Structure formats: structure tokens, C-alpha cells
Amino acid sequence: MKKLISLMVFMLSITVIFTACSSGRSYPNLVGVVQAVEFAEQYKNPVYTITTDSNCTVKVVMKDGAVAFSWVDKWDDAALVTGGLSEFDKVKIITDYDARKVKKSSDEIIVVDAMWINEVFYADAKILADGTAVGMWDDGFNVIYQLGDGTELIRINGSSGPDNVYVGNRLSFDSFNEEAKPVVLQYYNDRGLLYDADALLEQAYQWYKKDKENFGTKYVDQSVSPSASNENIMCFLTTVTLPHTNGNMGQEIRLGEIFDIKTGNHINGFDIFNCTPEKAIDVILDQTFSDVDFNTTNIEDVDKFRAEIKAAFKPEYIVLWNESMEISFPAGSLPTEDHCYIVGIEYTDEIKAIMHPWAIPDTEW
């Protein structure tokens with residue numbers, strides 16, 4: 001990622017549970033912010049003075065041959081062993097030592113078998129519209145933006161899929177021909193993220209200022225997972241989770257993608273039908289509305305609602321599952337619906353009649 005800041009304060013953390021070999025039980029790991037790095041005559045590796053999460057000051061050193069690891073590009077694994085973590089870097093490290101054994105501050109040096117770095121903190125990573133500086137935790141995949149007092153505004157999870165997500169026993173990205181895989185990846189790379197991170201951060205900050213007492217961290221996520229397949233096509237569901245307008249609830253955007261399993265070429269959702277999009281939509285709505293008792297819904301004018309759906313219908317709203325077809329309308333796409341509206345349709349004879357045979361997913365994986 002680009003580092004567009006001149007002064008950075010680095011902090012690192014990881015939350016991991018190790019199993020205590022002697023007892024077979026899990027225990028909380030000793031975690032702390034590095035205050036100083038020094039070398040003691042009796043130890044080959046550097047001694048770290050850290051302030052623990054329980055506000056105790058202790059010293060830790062790795063024994064010879066200890067495991068050292070870092071997910072953060074700024075430091076390689078050897079940095080922990082050589083003392084490459086400067087005392088001017090505020091670094092949070094995690095060790096395999098049982099944190100319950102640390103009751104108070106001590107100058108006694110604790111020898112550990114393993115030490116990890118996983119996350120880095122950038123001070124003043126973003127400057128908001130009113131000039132407020134926001135810091136950012138970054139573990140290389142997820143980021144958390146927070147104010148100077150530690151208040152977390154928003155957590156943005158790194159996007160996942162389509163090549164690293166597996167769902168049960170379903171076929172996956174691995175099912176594509178080798179020549180098709182880069183074509184599919186290029187499609188998703190070109191599409192990119194379906195949200196504006198800076199705008200969402202600013203939005204979260206405005207929610208915070210409006211109701212600080214009840215404010216909670218907002219969450220953003222984008223993932224791609226397999227949904228259906230047959231010998232001709234591979235289908236995916238893209239799910240984007242965004243904060244809702246009330247600040248606490250989340251809303252989902254659900255989009256379907258269909259690919260030729262041999263070439264990787266993207267297939268427009270309307271192209272799975274052997275008729276015009278208008279006729280396909282009418283058949284889908286006929287099948288959907290035939291089983292709905294609208295007296296039990298908040299929909300007063302069925303004809304008006306049907307017209308809204310037809311006007312809002314887009315090919316990317318079609319999500320193919322092996323057992324059924326989903327039509328998902330994002331929040332705001334239908335005038336009478338405040339939230340995401342999802343229609344589920346089984347592959348009835350009527351639905352199959354308007355689909356190309358090659359587009360009907362296998363009912364079993």
C-alpha cells in the first residue's frame with residue numbers, strides 16, 4: 001500500500017492462542033509494547049523491555065533457535081532476532097509465554113520460545129474533512145481506523161476470493177481450466193472494490209460525532225465465494241457488507257457472476273435465458289408472486305411493486321445456486337424497500353423452459 005505520511009508511529013500486534021504442551025490447555029499469551037531494545041552479556045539475542053496489556057513492565061528475550069515471525073513488510077523475521085525493532089518504534093509483540101504468570105513489573109528476564117509480529121500502526125494515516133487525524137492499524141489484509149484517543153471508527157476487511165475461498169464440498173476456482181483462471185482473476189481485478197473506503201471512513205466519523213455514547217466500530221467486507229456450477233459454467237456470489245444508515249446495522253450487496261468454465265469468459269446474467277430479458281423477468285415474477293400471500297406483507301400495491309422490480313432488475317442481481325436462483329436487490333434499488341430485497345426461485349419446469357440447458361446448474365456438487 002502507498003504510505004502517504006511523513007511521520008509514522010509503528011505498533012504491531014497479534015492475537016493468537018498457543019496450547020501449553022505440558023497441560024494440553026490453552027493460555028493467554030504475553031503481549032506488550034516494546035519500550036526499549038538492549039543486549040545483555042549473557043544472551044545472544046536482544047532483550048526487549050515491554051509494557052504488557054495489564055500495564056506491567058517486563059523484559060523478554062528469545063532463546064537460541066526460537067521461532068521468530070512477521071507478517072509485516074517493514075520487518076522480516078530476522079528483525080526480532082537481531083534487534084531490528086528500534087526502541088523508537090512502538091512495537092507490540094506476542095510471545096508464547098503464559099501471561100497469567102506475570103503479576104507485576106519485574107527486571108527478571110523472561111526467556112521465550114517464540115515471538116511474533118503481525119500488525120503495524122500508522123499515525124495520521126488519514127486526515128478527515130474537518131482536519132481530524134486518524135490512525136490506522138494494518139496487518140497486511142485488514143485495516144482498522146481509529147481516533148487519537150483509541151476510538152475505533154471502522155474496520156475494513158481485506159477482500160477475499162474467488163481463488164482462495166472454498167465452501168463445503170462445492171466446486172471452486174480450482175475447477176476452471178488452467179487457461180481460464182487468469183481470465184477470471186483479471187475480471188475481478190478490473191472490477192476492484194465496490195465501495196469507497198475514504199467515504200465510508202468519513203461517514204463513520206460523522207456517525208461518531210452525532211452519537212458518541214452509542215457509537216460502535218463499523219465493519220466493511222467484500223468477498224467472493226462459489227455458488228453453483230455444471231460442466232459448462234462456474235458461478236460466484238460477491239457479497240459486500242457495509243454499515244447501514246442507522247450506523248449500527250449492516251447492509252449487504254449481493255451480486256452474481258457467471259463464467260465459462262473452459263475459457264473463463266464472463267457471461268452476462270441475461271444471456272443464460274433463451275428469450276428476451278423482459279420475458280425472462282415476467283416468468284420469474286410470475287413464479288415468485290404465485291406463492292406469495294401479499295396480505296401478510298407490507299406491500300399494498302402488488303402491481304406497483306412488480307413494476308418497481310422490473311424497472312430495477314439488472315443481470316448482476318441474478319445469483320445462481322445449484323438448488324435455486326436468487327434475485328437480490330440492494331438497499332435503495334426498490335423505492336418501497338429500505339433494505340436488501342431477495343427473491344428465491346426454484347428451478348421449476350417454467351424456469352428451466354426459459355433457460356439455456358448449458359446454464360442450468362447441477363443440483364448436486
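The values are calculated or read from the model by the stated rules, or taken from the named source; none is laboratory data. Fair warning: this is a prediction, and the values are worked out from it, not measured in the lab. We work out accessible area using only protein heavy atoms, side chains counted, and drop any ligands, DNA or RNA first. Shrake-Rupley method; radii C 1.70, N 1.55, O 1.52, S 1.80 Å.
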Inset, instruction - Determine the alpha carbon to alpha carbon distance for each of K92/K218; K262/K310; K262/K352; K59/K103; K92/K210; K44/K103 and list only those over 21 Å. - result: K92/K218; K262/K310; K262/K352; K92/K210; K44/K103
Legend entry - Correct choice for Cα extents along the principal axes in Å that was computed from the model, options (1) 82, 49, 42; (2) 95, 53, 35; (3) 66, 44, 37: (1)
Legend entry - Placed amide H near I110: partners under 5 Å, 5+ positions off or other chain: K59, V60, V61
Legend entry - All-pairs alpha carbon distance profile, the range 246-365, 10 Å steps from 0, percent: 12, 43, 32, 11, 1
Legend entry - Per residue accessible area in Å² of the chain, where ligands, DNA and RNA are left out and the probe is 1.4 Å: 52
Inset, instruction - Could you please state, rounded to a whole Å, how far the C-alpha centre of the range 277-336 is from the C-alpha centre of the range 227-241? - result: 20
Legend entry - Most to least accessible of T363, T51 (protein chains only, probe 1.4 Å): T363, T51
Inset, instruction - Would you mind telling me the share, in percent, of accessible area of the chain contributed by carbon and sulfur at probe 1.4 angstrom? - result: 48
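Give me the Kirkwood hydrodynamic radius of the range 147-204 in Å, from all C-alpha pairs, to one decimal place?
After inverting the pairwise mean of 1/r, the radius is 14.4 Å.
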